[in-house]
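Everything below concerns the one structure shown next.
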Amino acid sequence: MRAVQIHETGGPANLVLAADVATPACGPNDVLVRNHFSGVNFIDTYHRSGLYKVPLPYVPGREAAGLVEAVGANVRNFKPGDRVAYFSSGSYAEFSAVPEGYVVHLPDSVSFETGASMLLQGLTAMGLACIAHNTKPGEFALVYAAAGGTGQMLVQVCKELGATVIGITSTADKAAIAREAGADHVITYATEDIAARVAEITGGKGANVIFDGVGKSSFDTSLACIARLGSLLSFGNASGKVDPIDIMKLVPKQIRLMRPSLFGLITTPEDFQKFAKELVEHVRAGTYKIAIHKIYDLADAPVAHTDLESGKTTGKLILRI
Ligand code: NDP
């Protein structure tokens, strides 16, 4: 089958399209999916760069949508021809064999493009806002990169949970997108001081929960913006891995600091099914909107990585397989 592989860690050029990769075997509990579109996520760039270690050669990609090609002997909920989305590794490829518990049906009204765009970022947003922190009405939630893929999902999930959402973006264009996603306030950091604006918006109290996927360059600003007893969820490395921290920095405001990951929050097929079905229903009903930035051909995976890492994209990037 055709698949993108990483033979050596490094830059986007290390994503190499091959035509002769072995099609994965469909085990007894697996669903073999013919992928139509694969999501592109920051985690794929970490696998490619070597920030997160994987065995090489490696087919990147953690989610896709497509048609069921075949099912293993023990699979009960899927049959060939079903429209599905899933999360599992190796999705920059024509086929993936996925444990049944991590596959979800796609309603006819939800396109494959949307199906490939929503699971990883949507479930991250739900996991962060519902499990890592119990986001509640009346809380101020601060969301970095609020026009990004995960950011737009976080804005929508936090609004649904009743929080007042403050989005942070780099530009006025991105600020408009964050507002459209539902942010009550947006801070444009190219022209505004983030901590001063958060203090102004929250009456000096700070944000009760901060969703910080930017990482290295934003950590100290997050400390400045958080409320007493607030939760700082540092969940990504878009600007690099956070430097080692002095634990005493958490004392003045009695901060709860967590470094969550989706695969550490949603750890069982039961959790996946519960949240994924809820997410699919929100998308089907139109209560959560999925914004697609651009669709790239599989051969252009290096361009997609370059674009995502540039910080200039908004919403989701996907590959057409
Ligand atoms: P985004 O669409 O949010 O793109 C990243 C955004 O981060 C940029 O658009 C930019 O927004 C902002 N940014 C700030 N500084 C930089 C920089 N130096 N380089 C690049 N971008 C920068 O990407 P994703 O939604 O795919 O991911 C966002 C974060 O969430 C990543 O750190 C990712 O690792 C993390 N994540 C973590 C998960 C987990 O399980 N822990 C799961 C999913 C995502 P702006 O211009 O507005 O500042």
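Bear in mind that the values in this text are calculations on the coordinates, not laboratory data. No experiment lies behind these values; they were computed from the predicted model shown. Please note: Cβ atoms are built from the backbone with ideal geometry, for glycine as well, and neighbour counts cover all protein chains shown.
Data table
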| read-out | value |
| --- | --- |
| Computed over the chain, the ratio Rg/Rh where both radii use C-alpha atoms and Rh is Kirkwood | 0.98 |
| Whether the range 143-200 is rounded, prolate or oblate, judged on the alpha carbon gyration tensor where a/c under 1.5 counts as rounded | oblate |
| Residue among Gly203, Gly81, Gly264 with the largest mean-square fluctuation in a Gaussian network model of the chain, springs linking Cα atoms under 10 Å | Gly203 |
| Over the chain: helical MRE at 222 nm, DSSP H runs n ≥ 4 each giving -39500 (n - 2.57), nearest 500 | -8500 deg cm²/dmol |
| Most mobile of Ser96, Ser38, Ser88 in a GNM of the chain (Cα contacts under 10 Å) | Ser88 |
| Farthest toward positive dipole pole in the chain [+1 Lys/Arg, -1 Asp/Glu at C-beta], among Ala163, Pro107, His7 | Ala163 |
| The range 173-252: C-alpha gyration tensor shape, a/c 1.5 cut-off, then a/b vs b/c | oblate |
| Separation of alpha-carbon centers, the range 101-115 and the range 39-69, rounded to whole Å | 19 |
| Among Thr287, Thr267, Thr221: highest mean-square fluctuation, GNM of the chain, C-alpha pairs under 10 Å | Thr267 |
| Global geometry of the range 91-202, whether rounded, prolate or oblate, following the gyration tensor of its Cα atoms and the 1.5 cut on a/c | prolate |
| Distance violations [Cα-Cα > 20 Å] among Lys241/Lys274; Lys205/Lys289; Lys205/Lys249 | Lys241/Lys274; Lys205/Lys289 |
| Convex hull (Cα only) mean projected area of the range 261-321, reported in nm² to one decimal | 5.6 |
| Average Cα contact separation per residue, the range 216-300, under 8 Å, 6 or more apart, as relative contact order % | 25 |
| Relative compactness, the range 153-297, computed as alpha-carbon Rg over 2.2 N^0.38 Å | 1.13 |
| Subset of Lys136/Lys159; Lys53/Lys316; Lys159/Lys216 violating a 19 Å alpha-carbon distance limit | Lys53/Lys316; Lys159/Lys216 |
